[in-house]
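J.: Have a look at the structure that comes next, please.
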Amino acid sequence: MAEPIKLSIDGKPVTVPPGTLLIEAAKQVGIEVPSFCYYPGLSLQGACRMCLVAIEKMPKLQTACTTVVTNGMVVHTDTPEVANTRKSMLEFLLTNHPLDCPVCDKGGECELQDAVFRYGAAETRFLEGKLHEEEKKFSNLVYYDRPRCILCFRCIRVCDEGMDVNAYGIGFRAAHSEIIPNRGEQLECEECGMCIDICPVGALTSGTYRYKTRPWEVTYTGTICNHCGDGCRTTLSVRNNVVIRANNRDHSGLNGEFLCVKGRFGWDFVNSERRLKSPLLRKNGKQEEASWEEALTFTVERLKTILAEHGPGAVAVIGSNRTTNEEDYLLQRFARTVLGTNDIDHHRTADFSSLVRALTEAGATDRYATIEDISAAKSLLLIGNDPTHQHPLIAYQIRQAVRQHGARLYIVNSREIKLRRQSSQYLQVKPQGEAEAVRALAGQAPAAQDLCAGGTGALTALADALKKESDTVILFGDEIQGQTVNDLVTCGLTLPGKTRFVALGDYANSRGAADMGLLPDTLPGYQPLSNEKARERMESAWAAKIPAAPGRNIRSIFEGIRAGEIKALLVFGANPVKTFGLDNAALTGLQLLFVAELFRTETAELANVVVPAASFAEKSGTVTNTCGEVQALKRTMRQAGTRSDLEILLALARLFGQRWTYQSPEDVLREIIALVPGYDIPLPSLLVGRAVPTHPEGRPPALERPDLVFSSRDSLFTSGTLSRYSWALNSVDEAKKPYGHAF
Amino acid sequence: MADYRNPMLGSPLEVKVLTRRFDLANSASIAVYVAHEGYQALKKAFGMKPDEVINEVKKSNLRGRGGAGFNAGMKWSFVPGQTTKPKYVVSNADESEPGTCKDRVLMEYDPHQLIEGIVIAGYAIQSHQGYIYIRGEYRYLMDILDRAIEEAYAQGYLGKNILGSGFDFDLATHTGAGAYECGEETALLNSLEGLRGYPRVKPPFPALIGLYGCPTIINNVETLSNVPHIISHGGDWYAKLGTPNNGGTRLFCLSGHIERPGIYELPMGFPLRQMIEDVGGGVWHGKKLKCVIPGGSSCPVLTADEIDVPMDFDSLARIGSMLGSGGVVILDEDTCMVKAAWRIMKFYAHESCGWCVPCREGTHWLKTLLERFHSDGGMPDDPDTALDVSYNILGKTLCPLGDAAAMPMISILKKFRHEFEEHLKLGSCPYEKRAVNVA
Amino acid sequence: MLSDRLKAKFDSVIARYPLKRSAIVPLLLFAQDEIGYVSDEAVEEIARRVGVNPIEVIEDIGYYSMLHRQPVGKFHLQVCTNISCMLRGGEKIFEHCAKELGIEHKQTTPDGLFSLEEVECLGACCGAPAMQVNYDFYENVTPEKLDALLADLRKKDQGSRIKD
């Protein structure tokens, strides 16, 4: 570590690492140097001139945002000259800026407004006409108001440097300069809205939020996005019980300011007119509205009858990729102990079980990578998956790693995914060739000559390059599952330094579903059902018996239904008819199909009983992202008529005569912390909004068959069934591009 | 079918170094050039060590002819000797400073002189690639230079193993397309890289990180054209042509209200009064002098009382102005200084690249204020506001364009304040009844 | 369609630089010289050849004042009114052009023959007032010389049409 630099700012001694920018050094001693164009992490430009400060021995004022500190530097930010300069820069900015703050979305959270309040003059001397341009609609989600724009170029940089989309440019010159989109008058981009978020003024506004409210009229609740498996923190702005905006307002959490199009705009399914508001009960072949009591009583009575007539083997449960850990935990408890069946599964989108088993067997359960590990990595190996679409935050973190500190990215993929632009080596393999490449890398089986374009030489080159790296983070998609995960882990652990791993699963709580044991052969915390000790531990906690034999996996459940062996199916927050492409006849043999859902999905349409579930915005609990980091959801609003899955399960259990004592999701979480291996997380950290990593340890049974783990390959604009109910996600033309399109 | 005359009108007071071949027929051809000492300096340079070449240029006190007046040899010496990166020599032929048209004749009448200077500079810093960045409006000069470059390649003055020295150097022209700002060296580099001509944050300076992130020297056409003479005749000889610290001669462009507008090569330190009265034949139509812009429109103006000054960088700096680019603009007694200020500001407002706030907004503000003021709409506070706004631009911008706009404004507002007051008192322009036609 | 001659020129210009995108501005100007303005097709072609997004080419067009996205006249009259020219009647020359042609700044005559632009310093200060017709310089211009020039240009246009 190089010697720290010592300097003085406004008489305060400051010690910072070499290479620190003056503006950042000032921050460390609580001295604010105002700026618009400076933005941490983005390239420097010295354009707004707000950060001019006096440095002794320098003839002119210097921009603190471009000045690197040197030893003995004596800086003054509080001289009359500096104060006058700030005032005059603001006066310049306001010459052509319309003072339409009363009707501007940004009013109240505008950096220009704040700066003028703090540093500006009370009146203007500008008597000339202001330059005017009509507002432009760049897309359904992004609008541009040129007169308000102060040309800080943050939008351009975040789009280029943060998103690698390069959708913005600058048109014309001098005072007529303006931001221009990449397709004539239109934007064609990932529609992430980062440009809107980063805009210090109301120049770029959101198509879904504009003119809806004043920012101080809304309630802000920090929660976790419910779409992909990355687990971005987001702040929902709610007014009159309606969500009107999502942005990670305080830039806290693992995603900082990042949100993708789904996180920033795709929450609007919550407000959809098509939300189920009342339970539906099929009467005379038709689903009709019913009371909660009626629906649940009917369900329990029917279940009791089936159990009595056919035994627990006739009942199966399908869980969700989005419901909370607490709900998932209770669901499997309900299935195993109340219904007495292990026929419980969910749509598995990554083979988390094999990763846990491999790391446990290697004694390396400290090698789960977190989201932060990805952006801090010096070397990354990405096998399969298309994070740009399936894991936008992880894609962003990978780009950050490459751009901010020159990390090397190695890619093995059968498709030309967009991240190859950042890669040092990109090994394009033949379709479905990822697993073969991993086995060859691991020395398990030689690769066929036609595996990749560059022949096996390219594979050798990749292996050689990886051996020169250290602390590599390895990320893999559903292409790698079962024994191949084991091969990858074994091989990865031989690389220099601390190799870490991430299995990439699709949805907000895909990881939690596996962690909580929504699996036929695995108890919470990846304890095999066959492990007597583990079983007994849960039995004693729950004061109930758990059937010892593993249940049916999801494919076998469908087979069981077809064969007439399964008579009742309970589905919570899943749409298997669509996900598994079931035909109309697949579920007709059921005597009871119970579905807890937000919408009348293909599966719900077939159900005897449909109950309206609460969305992520309407409930509390925790979710675990694909890296295994647990975060807390916080209830933001209520949706009349709905109940959370947790409330539904508690009610069902009660009707079964169970005396469960949980009063709240937190009670369930406490039990998870106490009982589930790897989940001994500090509750306070969680409650203050941190992402708490878990380190599961267990030896779950091997993957039974290859068709159990598959990703839905959602694009940036889709999110399983949910995205169908988002106006925003369907409103952008880019959503119509073929899957995998790189913007 | 262009229609213009050679602006070299000639004067017995001239000292011809750069322009000595201009009167020869076909002066632009390599045959004429070689017949008149052409490429001899290059041969001589190859007999010297690169450092010796740089020292000779340092000794000559050759200062940048683009306007900033930085010691050329010093600039070259900042280029690192040891580097794995390629190095570049860029000749700045983006001549756009209002009042200046000297590089044009240097390229039109003696392109090989420039080429020889560039190759010597390349040898001095051990660069192997040069570019001549020519403003787009000078298309015919690009044709002339392309032809000259082709000749030089054909005769072995460019390309591989030049004159058997083992030194390789390639040279190409590059055209701009209308942007004053690209005369600023870092904006020029961005432009040469195919980007908008925005200036770069300095440091790093181009000598370390320039074109394509590599060490680069950027010199004005006139600066580089001097180099062969310095090498041929020695730095001391060159230095003695001028005044201390201001070596050599300079091409001065006399324009505006002067009897004999034209370009004259005069020694550094030549008295301004003599330049106007004896070289240029005095103010036109026997009128009185009101003021002089001594070195292109970016320089603070001099009143008629301030012209007893030697025309060199230091003397003009001493009286609060600049030698600039050698564009000497004469304004007679009937000139409205408000209008002159407006026209100058209109230029800067048009040419501001728009990158940084004070220049982008400040020049636009001053332009519109002056437009209104001169169009009979002046307000009593306007002169004070304009002065304050100018000071708020001065020294606050990323590149020198802001200063270039502010400095003439400040000088006019201070030295000709009374003309602003007259406008206010009369409610219209005392010099012309007609309002300014707003373009 | 861009001509083969232009395409060949593109190749030779791009070859001058270690970084292809350096050629953008020259290519734009050469394309404009041939087509009369920078067409969408030229933007796409140049972007493709130098390997950048079209928006980066469009950014350059907006910045450089000589580049046009719309056709200008066959004879593009660029009259300087900057300080040296202003002092010697540049504005009158501009006004004379405007009056004679019935067009204003950045306008084109209906027959497409002439367009007019008030421009900044052309580097012809010692020959003020000065103007350019396309790339040709005209200096020490007077209203009379301008009339003769316009007549000449009209004649030249006639001549070229007969030849066609």
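J.: Which one of these is over 30 Å from A:SER379 (Cβ atoms) and in contact with a helix residue (DSSP H, G or I) (Cβ under 8 Å, 6 or more places away or on another chain): A:GLU559, A:GLU565?
T.: Answer to the check: A:GLU565.
J.: Now a separate question. On the given criteria, is A:ARG638 in the same structural domain as A:THR323 (by TED's automatic domain parsing), in contact (Cβ under 8 Å) with a residue 40 or more places away in the chain and buried (at least 18 other Cβ atoms within 10 Å of the Cβ)?
T.: no
J.: So which residues in region A:661-673 are more than 23 Å from the chain's Cα centre (by Cα) and touching a residue at least 12 places away in the same chain (Cβ under 8 Å)?
T.: If the condition is that a residue be more than 23 Å from the chain's Cα centre (by Cα) and touching a residue at least 12 places away in the same chain (Cβ under 8 Å), then A:TYR662, A:SER664, A:VAL668, A:ARG670, A:GLU671 are the ones that fit.
J.: Moving on. Please tell me if A:TYR679 is surrounded by fewer than 23 Cβ atoms within 10 Å (Cβ to Cβ), in a loop (DSSP other than H, G, I, E, B) and among the aromatic types (Phe, Trp, Tyr).
T.: For A:TYR679, the condition - surrounded by fewer than 23 Cβ atoms within 10 Å (Cβ to Cβ), in a loop (DSSP other than H, G, I, E, B) and among the aromatic types (Phe, Trp, Tyr) - is not met.
J.: Let me ask something additional. Could you look through region A:241-279, keep only residues that are of a type in the set (S, T, N, Q) and touching an Asp or Glu at 6+ places or on another chain (Cβ under 9 Å), and pick out the one that is surrounded by the fewest Cβ atoms within 10 Å (Cβ to Cβ)?
T.: Step by step, filter region A:241-279, then rank; the result is A:SER278.
J.: Which of the residues belonging to region A:48-92 are assigned to a loop (DSSP other than H, G, I, E, B), crowded, with 21+ Cβ neighbours inside 10 Å and charged (D, E, K, R)?
T.: Listed by number, the list holds a single entry, A:ARG49.
J.: If you don't mind, another one. Do we have any residue at all in region B:290-298 that's part of a helix (DSSP H, G or I) and more than 12 Å from every other protein chain (Cβ to nearest Cβ)?
T.: Scanning region B:290-298 turns up no residue that is part of a helix (DSSP H, G or I) and more than 12 Å from every other protein chain (Cβ to nearest Cβ).
J.: A further question on this structure: Scan region C:63-84 and give yes if some residue there is within 7 Å of another protein chain (Cβ to nearest Cβ), crowded, with 20+ Cβ neighbours inside 10 Å, more than 18 Å from B:CYS101 (Cα to Cα) and free of Cβ contacts under 8 Å to residues at least 12 places away in the same chain, otherwise no.
T.: Yes: region C:63-84 contains one or more residues that are within 7 Å of another protein chain (Cβ to nearest Cβ), crowded, with 20+ Cβ neighbours inside 10 Å, more than 18 Å from B:CYS101 (Cα to Cα) and free of Cβ contacts under 8 Å to residues at least 12 places away in the same chain.
J.: Give region A:600-626 a look and list any residue that's hydrophobic (A, V, I, L, M, F, W, C) and in contact with a Gly (Cβ under 9 Å, 6 or more places away or on another chain), or say none.
T.: If the condition is that a residue be hydrophobic (A, V, I, L, M, F, W, C) and in contact with a Gly (Cβ under 9 Å, 6 or more places away or on another chain), then A:ALA613, A:VAL623 are the ones that fit.
J.: Given the structure, is B:TYR109 of a type in the set (Ser, Thr, Tyr), more than 8 Å from chain C (Cβ to nearest Cβ) and without any contact (Cβ under 8 Å) to a residue 60 or more places away in the chain?
T.: Taking the combined requirement at face value, the residue does not satisfy it.
J.: So which of A:THR77, A:THR20, A:THR66 ends up being within 24 Å of B:ASP403 (Cα to Cα), among the hydroxyl-bearing types (Ser, Thr, Tyr) and more than 14 Å from chain B (Cβ to nearest Cβ)?
T.: The conditions single out A:THR77.
J.: Test of understanding: among A:PRO34, A:PRO18, which residue is in a loop (DSSP other than H, G, I, E, B) and under 24 Å from B:ILE393 (Cβ atoms)?
T.: One residue alone meets the criteria, A:PRO34.
J.: If A:LEU151 satisfies every condition in (1) within 14 Å of chain B (Cβ to nearest Cβ); (2) surrounded by fewer than 19 Cβ atoms within 10 Å (Cβ to Cβ) but one, which is the exception?
T.: Failed condition: (2).
J.: Another question, if that's okay. Which residue pairs have Cβ atoms under 9 Å apart, sit 6 or more places apart or on different chains, and have a first residue in region A:536-547 that is at positive phi and a second that is surrounded by 11 or more Cβ atoms within 10 Å (Cβ to Cβ)?
T.: From region A:536-547, the pairs are A:ALA543/A:THR337.
J.: Follow-up. Got a sec? Which of B:ILE134, B:ILE144 is surrounded by fewer than 22 Cβ atoms within 10 Å (Cβ to Cβ), among the β-branched types (Val, Ile, Thr) and under 21 Å from the mean Cα position of the chain (by Cα)?
T.: When all the criteria are applied, what remains is B:ILE144.
J.: It is to be established whether one or more residues within region B:346-367 are more than 7 Å from every other protein chain (Cβ to nearest Cβ), buried (at least 24 other Cβ atoms within 10 Å of the Cβ) and at positive phi.
T.: No, every residue in region B:346-367 fails to be more than 7 Å from every other protein chain (Cβ to nearest Cβ), buried (at least 24 other Cβ atoms within 10 Å of the Cβ) and at positive phi.
J.: Got at least one residue in region B:9-22 being closer than 30 Å to B:ILE258 by Cβ, not in a loop (DSSP other than H, G, I, E, B) and not assigned by TED's automatic domain parsing to the domain that holds B:CYS253?
T.: no
J.: Looking only at residues that are hydroxyl-bearing (Ser, Thr, Tyr) and in contact with an Asp or Glu (Cβ under 8 Å, 6 or more places away or on another chain) in region B:163-182, which one is nearest to the other protein chains (Cβ to nearest Cβ)?
T.: By that ranking, first place goes to B:TYR180.
J.: Counting only residues that are farther than 19 Å from A:ARG148 by Cβ and either more than 9 Å from chain B (Cβ to nearest Cβ) or in a helix (DSSP H, G or I) (or both), how many does region A:164-189 have?
T.: The number of residues fulfilling the criteria is 10.
J.: A further question on this structure: List pairs: first in region B:252-271 and closer than 18 Å to B:VAL283 by Cβ and at the interface with chain C (Cβ under 10 Å from one of its Cβ atoms), second among the hydroxyl-bearing types (Ser, Thr, Tyr) and in a loop (DSSP other than H, G, I, E, B), Cβ under 7 Å, 6+ apart or cross-chain?
T.: Close Cβ pairs (under 7 Å, with a partner that is among the hydroxyl-bearing types (Ser, Thr, Tyr) and in a loop (DSSP other than H, G, I, E, B)) amount to B:CYS253/B:THR100; B:TYR264/B:SER11.
J.: Could you check how many residues of region A:611-639 are in a loop (DSSP other than H, G, I, E, B) and within 19 Å of A:THR221 (Cα to Cα)?
T.: Residues meeting the conditions: 10.
J.: Residues to consider are A:PHE258, A:PHE269, A:PHE298; find the one that is under 35 Å from the mean Cα position of the chain (by Cα) and part of a helix (DSSP H, G or I).
T.: Being under 35 Å from the mean Cα position of the chain (by Cα) and part of a helix (DSSP H, G or I) holds for just one of A:PHE258, A:PHE269, A:PHE298, which is A:PHE269.
J.: Please work out which one of (1) out of contact with any strand residue (DSSP E or B) (no Cβ under 6 Å at 6 or more places or on another chain); (2) more than 10 Å from every other protein chain (Cβ to nearest Cβ); (3) among the aliphatic types (A, V, I, L, M); (4) crowded, with 24+ Cβ neighbours inside 10 Å is the condition B:ILE319 fails and give its number.
T.: Checking B:ILE319 against (1) out of contact with any strand residue (DSSP E or B) (no Cβ under 6 Å at 6 or more places or on another chain); (2) more than 10 Å from every other protein chain (Cβ to nearest Cβ); (3) among the aliphatic types (A, V, I, L, M); (4) crowded, with 24+ Cβ neighbours inside 10 Å, the one that fails is (4).
J.: Those residues that are within 12 Å of another protein chain (Cβ to nearest Cβ) and surrounded by 20 or more Cβ atoms within 10 Å (Cβ to Cβ), I need them from region C:44-55; list them, please.
T.: C:ILE46, C:VAL50, C:ILE55
J.: Quick check: anything in region B:350-364 farther than 25 Å from A:LYS87 by Cβ and not assigned by TED's automatic domain parsing to the domain that holds B:HIS285?
T.: yes
Quick grid of which residues meet (1) under 21 Å from B:LEU266 (Cα atoms); (2) hydroxyl-bearing (Ser, Thr, Tyr); (3) buried (at least 17 other Cβ atoms within 10 Å of the Cβ):
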{"residue": "B:TYR4", "(1), (2), (3)": "no, yes, no"}
{"residue": "B:VAL17", "(1), (2), (3)": "yes, no, yes"}
{"residue": "B:GLY38", "(1), (2), (3)": "no, no, yes"}
{"residue": "B:GLY73", "(1), (2), (3)": "no, no, yes"}
{"residue": "B:SER77", "(1), (2), (3)": "no, yes, yes"}
{"residue": "B:LYS85", "(1), (2), (3)": "no, no, no"}
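Residue-by-condition table, conditions (1) crowded, with 23+ Cβ neighbours inside 10 Å; (2) in contact with a Lys or Arg (Cβ under 8 Å, 6 or more places away or on another chain):
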{"position": "A:LEU127", "(1), (2)": "no, yes"}
{"position": "A:PRO147", "(1), (2)": "no, yes"}
{"position": "A:VAL158", "(1), (2)": "yes, no"}
{"position": "A:PHE172", "(1), (2)": "no, no"}
{"position": "A:HIS176", "(1), (2)": "no, no"}
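J.: If I ask for residues that are assigned to a strand (DSSP E or B) and at the interface with chain B (Cβ under 7 Å from one of its Cβ atoms), which ones from region C:122-145 would you list?
T.: Passing the criteria: C:GLN132, C:ASP136, C:PHE137, C:TYR138.
The values are calculated or read from the model by the stated rules, or taken from the named source; none is laboratory data. The structure displayed is predicted, hence computed values, not measured ones. Cβ coordinates were reconstructed from backbone atoms using ideal geometry, including for glycine residues, and neighbour counts include every protein chain displayed.
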